[in-house]
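Each remark here refers to the structure printed beneath this line.
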Amino acid sequence: MAWNTNLRWRLPLTCLLLQVALVVLFGVFVRYSPDADAHWIEYKKTRNVSSDLDNEFYYRYPSFQDVHVMIFVGFGFLMTFLQRYGYSSVGFNFLLAAFGIQWALLMQGWFHSFEDGYILIGVENLINADFCVGSVCVAFGAILGKVSPIQLLIMTLFQVTLFSVNEFILLNLLAVKDAGGSMTIHTFGAYFGLTVTRILYRPNLYQSKERESAVYQSDIFAMIGTLFLWMYWPSFNSAVSSHGDAQHRAAINTYCSLAACVLTTVALSSALNKKGKLDMVHIQNATLAGGVAVGTAAEMMLMPYGSVIVGFFCGIICTLGYVYLTPFLESHLWIQDTCGIHNLHGIPGIIGGIVGAVTAACANSYTYGQQGLAHAFDFDVSNHEWSSSTQGGFQAAGIFVSLAMALVGGTIVGLILKLPIWGQPADENCFEDAIYWEVPEDQKDIVVHAEDPTLKPSEP
Amino acid sequence: MAWNTNLRWRLPLTCLLLQVALVVLFGVFVRYSPDADAHWIEYKKTRNVSSDLDNEFYYRYPSFQDVHVMIFVGFGFLMTFLQRYGYSSVGFNFLLAAFGIQWALLMQGWFHSFEDGYILIGVENLINADFCVGSVCVAFGAILGKVSPIQLLIMTLFQVTLFSVNEFILLNLLAVKDAGGSMTIHTFGAYFGLTVTRILYRPNLYQSKERESAVYQSDIFAMIGTLFLWMYWPSFNSAVSSHGDAQHRAAINTYCSLAACVLTTVALSSALNKKGKLDMVHIQNATLAGGVAVGTAAEMMLMPYGSVIVGFFCGIICTLGYVYLTPFLESHLWIQDTCGIHNLHGIPGIIGGIVGAVTAACANSYTYGQQGLAHAFDFDVSNHEWSSSTQGGFQAAGIFVSLAMALVGGTIVGLILKLPIWGQPADENCFEDAIYWEVPEDQKDIVVHAEDPTLKPSEP
Amino acid sequence: MAWNTNLRWRLPLTCLLLQVALVVLFGVFVRYSPDADAHWIEYKKTRNVSSDLDNEFYYRYPSFQDVHVMIFVGFGFLMTFLQRYGYSSVGFNFLLAAFGIQWALLMQGWFHSFEDGYILIGVENLINADFCVGSVCVAFGAILGKVSPIQLLIMTLFQVTLFSVNEFILLNLLAVKDAGGSMTIHTFGAYFGLTVTRILYRPNLYQSKERESAVYQSDIFAMIGTLFLWMYWPSFNSAVSSHGDAQHRAAINTYCSLAACVLTTVALSSALNKKGKLDMVHIQNATLAGGVAVGTAAEMMLMPYGSVIVGFFCGIICTLGYVYLTPFLESHLWIQDTCGIHNLHGIPGIIGGIVGAVTAACANSYTYGQQGLAHAFDFDVSNHEWSSSTQGGFQAAGIFVSLAMALVGGTIVGLILKLPIWGQPADENCFEDAIYWEVPEDQKDIVVHAEDPTLKPSEP
């Protein structure tokens, strides 16, 4: 197939249209939360807040910046492992995330921060917007190299919308706890992306196969992404937890889980190779599975040993997935998952949901203290209806809701993206920056196929 | 022209002389601020400060570290886009910034933190020193590849001095607000650098033209710089704002402006290319213009929609500048602006000054609250002389003062740097690491021209 | 010599065994500190803590994240300067650090956070674990390229153990102050690593000499490591200092020392080169010596000028070390120090210990205030036994204890690592990723020697 990949008018118009719409919606709806408004000096007095430090900014801003780095450098560079797709990996991730965070501020704002006709935003909204975009970055991993930037913007538009609905159902209707987003971000993002890539299945993708791998330098660039994701994941899982012990605990649990995950990833990577050699793909990805899988339970009393156990198994499962499951999904289920997000976000996301449900179901006032329990699960101490087993049940329900939203949403969005008008690359031009970017001379001579198929259609 | 580029005695002597002078001046003048002095435990009691958290350190240190990363990794790597100038981009930026921050601690200290014969430094001084050096990094972008490290040190010496004078005029004499430095850092830095590069005009620079472009890997390195600048810019614009709501608001506004800027940059980059392809130069630079342009107004009640509007237009203007203005400046005004700082810091800096002036002029007690207004613009509530329109006028005056200082100062410094004694590279050796660095064998064979023109003068 | 480098069963078993042991030990011993436990809400009341902000998390978490980046990105990328050892530098550093932090949580926990049979961990434990691993990363620099990942894991196991014992002797028995670890981390780590590499001496290492150098891109990758170490070092030296002024002061002193160090490094690097050219090795390493050398004294009243003086001399000494001492150590003492850790951590570490001892010995109540002195050196004001000269003496003793522990420990560990069963590379395969990693095709053809010496033994 050969689509017109000259985006000269389509991409600019899409970007400008979306941004104009965002400007208008921001004008109508978005204002500052009391903590960020100049009236705060008066607000502070009415609330008897004595110190400027009680501004939400000081509780959350350092975590916000860490999460911000994860979204833009972490996800962006993680995907630069492809030999000729570095510009697109970093650049398109930058584009979709910049659009996504604005749209997420609005969507999540309507659901969670809407007061008197206005969305009141503060640092917590910024974190949540980054989180929401995180799920789009996950889905991007499945279709990496096979879509145009217009398709990515459209997917972001829909996915952010669906994410916000799903998040509202889980957090508000089911009263699920999911601070690190095992369900809302990873499970939803992964299965959404996998459904989209299934629908966009390209039977002739083998024509680009020689570019669907790394070169030496690109693998080192990708490690920048891996390490910033790995290092800042404790901030990710603790960024929106309750002040004090919950935030503290979430960081510790994530730190422990991730550390354990590295060792089992290395073990499996070596054991599954004939010559006992390590595979960069595993080190780049499976080492992060432990962070995904404690996303829900990190702020609970999972215990440090609980965290290392979760990390232990996720490193193993995720590496096994890269070796056995990804090829199977491609050959038997026609799911072409470029970055293997099913192994890194899909399965560990579900595991994270289950670990969260079990940990919640086991919660009791001995482990948490009477008040601590009420505080951790956000119910009134005098409320005798709450029980840990009910909480566990709702947590489990959250996994299924997320899966259902991902599959249905992904199908619809996949079908929209299948329309032949979005400038997607031909099968032989996938994983190639030169289709959408001006590349320097040193790379241009490498490009074999016609860059503008409308003028000179390429034969398969 | 061929100068002696062997810096063996000149560079060491310059560095050592400067550093010895700094040691002496530090010995005579620099002490700790009360928050960093061991007497703090007693100081705390006399001031009725109850908690260690009220130490300025905890308000500002996370922002300081983000700014620090912007100066050293952000600016340093942004300039690695040149194919054979990576060592110099990162290394010379490192050198000038390390010198500059020490000199700025002194210069700014004399103006702002001088008490009883001593400069008392704390975390806010560290941030301001980084800010000051930021303006030198901006100017460095204009002359990148065409100067020796000695010239850079001399320029830093003078520019930091002039920056501090200009900053004192603006902040103290005109009582201008400029927390993110649209005027003091960006406008001043850009026009200073442009004036210097105008005076250092090289008519035969075309001899190095083949090296004044990127290769594939160097563009990806540059994206590390871009992203760290982009992600941490909210910290930059909020780092020295007042505690509480102002810092919080500055971060939100910058976040919004930068996000909007990315979309319009992508739109214009594609629209201005015949084949609709994106240009890495635009993505690396114009996406940041939104941060520059809200530098002054970010801490004011600009409103989130105000921020996205500013970002919207700056992405467009900056990209247009790269396509049309930079070539025009070079061919008609003889301004060779290697990194296009006029587009990224010059114009957006002036826009930022204007936005700040307008936002200040529109400030009223309805939007800010009575006390909030006085707090935001730092005047006594009982003072009936202050009016927002006066403030706006002073803000506008600040732009002109900064421009005047930049042009006059840049001319003088440019003339000093034109002296043929600083080891500047010959026209055919510009944009080439091998002149000032030991480069590995794999690169050496690429170097065509003589490395030491005193021994073997090269013919043009 | 040719060892079997196929690690297929040995590496997986080592990793899994270690991780299973850690899981069990975590299960038996590790619990949350009160600040991270769900009972905190009750604990807070009993301690009259009013605000969530008084949770240790908010004092230390931003510093923790900076330190975390230094260990994984800083050390990891600093070592990518070798042309064909990027995967191993980043990947093995990742592996050993992930194992080391878990083991350090236990070892340091038993010594410092053991209560009622449990190790109670909080954010300070995470920082200290990262610190402890920092000393292993230092030692890794000496043997880089010459050992297998199994050897690294074994070295980490022993070195973390010895580090914890040494740290306990210094901090608890000698009551030494060493917040930035000049002695405990750098001196100990460096001389431990140097002893190990001495014992693992390879007389035929010249066979790999062509790979023991950088290529253009690898040097730029290494600068990522350098800059993140340099920028975040103020956080490193202040991360575990007392709340308030001490933490504040430690950051300022480190910032000043590091800045001065850059200028003298550049001066010496140029002066020691015939053509006055700069050497990337010096810029990558010697610029950091100032941070090492104020590790002990940074939190004391070293004064900003004291810091710049320390930085001034360390830049000079460290660069001289790279030019003269490293070759001497290799040729005369048979110490093959790949990264030159003796120059960057060894000598500056000892200088740091001495500076700390002198600064402590000069401490008096005029400079610190009566209470400030007691607070800074952690003694009871009513205790008349404490004197600054005694403190200085103990500080000095700390250097010797660290050196002794390093030499004895390094000898034992070196002998263990010399056993021919750990899969170490043959002399001609050192500094080569392809021995332990699947490398992309573009690199494979470069590998000259047999990868699996058991099948096809290579002749020296």
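Angle, helix B:388-418 long axis vs. longest principal axis of chain B, Cα atoms, 0 to 90°, nearest 10?
The answer is roughly 30 degrees.
By the scheme Lys and Arg +1, Asp and Glu -1, what is the net charge of all other residues having a beta-carbon under 15 Å from that of residue A:188? If you can, show how the numbers build up before the last one.
Working: positive: none; negative: A:167, A:178.
Result for the local shell: -2.
To the nearest 20 debye, what is the magnitude of the charge dipole of the protein assembly as shown about its Cα centre, counting +1 on the Cβ of each Lys and Arg and -1 on the Cβ of each Asp and Glu? Kindly include the intermediate steps, with their values, before the conclusion.
Numbers: 63 positive and 105 negative charges, 277 e Å.
Dipole magnitude for the protein assembly as shown comes out near 1340 debye.
Quick one: of A:146/A:177; A:275/C:146; B:146/B:275; C:209/C:418; B:146/B:177; C:177/C:418, which pairs are farther than 25 Å apart, Cα to Cα?
Values: A:146/A:177 35 Å; A:275/C:146 19 Å; B:146/B:275 33 Å; C:209/C:418 21 Å; B:146/B:177 35 Å; C:177/C:418 35 Å.
Over 25 Å Cα-Cα: A:146/A:177; B:146/B:275; B:146/B:177; C:177/C:418.
Quick one: of the DSSP bridges fully inside the protein assembly as shown, what percent are antiparallel, nearest 5? Please report the intermediate quantities before stating the final value.
Values: 6 of 18 bridges.
Roughly 35 percent of the DSSP beta bridges within the protein assembly as shown come out antiparallel.
Pulled fully out, how much extra length does the chain show between residue C:28 and residue C:175, if you take 0.36 nm times their separation in residues and subtract their Cα-Cα distance? Please report the intermediate quantities before stating the final value.
Numbers: separation 147, 0.36 × 147 = 52.92 nm, distance 3.00 nm.
Using 0.36 nm per residue and subtracting the Cα-Cα distance, I get 49.9 nm.
Taking the Cα atoms of the protein assembly as shown, what is the range of coordinates along each of the three principal axes, in descending order and whole Å?
Ordered largest first, the protein assembly as shown gives principal extents of 72, 70, 70 Å.
Based on the alpha-carbon gyration tensor of the stretch A:338-394 and its eigenvalue square roots a ≥ b ≥ c, which shape applies: rounded if a/c is under 1.5, prolate if not and a/b is larger than b/c, or oblate?
Values: a/c = 3.40, a/b = 3.05, b/c = 1.11.
In terms of gyration-tensor shape, prolate.
Determine ³J(HN,Hα), in whole Hz, for all residues of the stretch C:356-368 in sequence, where each value follows from phi through the Karplus function 6.51 cos²θ - 1.76 cosθ + 1.60 and θ = phi - 60°; x replaces Gly and Pro.
Once rounded to whole Hz, the list reads x, 5, 5, 4, 5, 5, 8, 5, 8, 6, 5, 6, 9.
What does the net charge come to around residue B:209 if you take all other residues with beta carbon closer than 14 Å to its beta carbon, with K and R at +1 and D and E at -1?
Details: positive: B:84, B:146, B:202, B:211; negative: A:441, B:210, B:212, B:330, B:427, B:428, B:432.
Neighbour charge sum, excluding residue B:209 itself: -3.
What spacing in nm lies between the two simple spin-label points modelled at residue B:206 and residue B:364, each 7 Å away from Cα in the Cβ direction?
According to this spin-label approximation, the distance is 5.9 nm.
Write down the Kirkwood hydrodynamic radius of the stretch A:267-408, to one decimal in angstroms, obtained as one divided by the mean of 1/r over all alpha carbon pairs.
Numbers: mean 1/r = 0.0598 Å⁻¹.
Every distinct Cα pair counted, the radius reaches 16.7 Å.
Using a 1.4 Å probe on the protein heavy atoms only, what accessible surface does residue C:8 show? Give it in Å² to the nearest 10.
Number for this one is 70 Å².
How much of residue B:113 can a 1.4 Å solvent probe reach, expressed as accessible area in Å² and rounded to 10?
Approximately 30 Å² of residue B:113 is accessible to the 1.4 Å probe.
Tilt of helix A:304-320 relative to the longest C-alpha principal axis of chain A, in degrees (0 to 90, nearest 10)?
In chain A, helix A:304-320 runs at an angle near 20 degrees to the longest axis.
Compute the angle between helix B:10-29 and the longest alpha-carbon principal axis of chain B, please, reported from 0 to 90 degrees and rounded to the nearest 10.
Computed tilt is about 10 degrees.
Given points 7 Å out from each Cα along the Cα-Cβ axis, report the residue B:379 to residue A:333 separation in nanometres with one decimal.
Placing both labels 7 Å along Cα→Cβ, they lie 6.6 nm apart.
The values are calculated or read from the model by the stated rules, or taken from the named source; none is laboratory data. From a predicted model like this one, the values you see are computed outputs, not experimental measurements. Ideal geometry is used to build each Cβ from the backbone, glycine not excepted, and the neighbour counts take in all protein chains shown. What goes into the accessible areas is simple: the full protein's heavy atoms, side chains included, and nothing from ligands, DNA or RNA. Shrake-Rupley method; radii C 1.70, N 1.55, O 1.52, S 1.80 Å.
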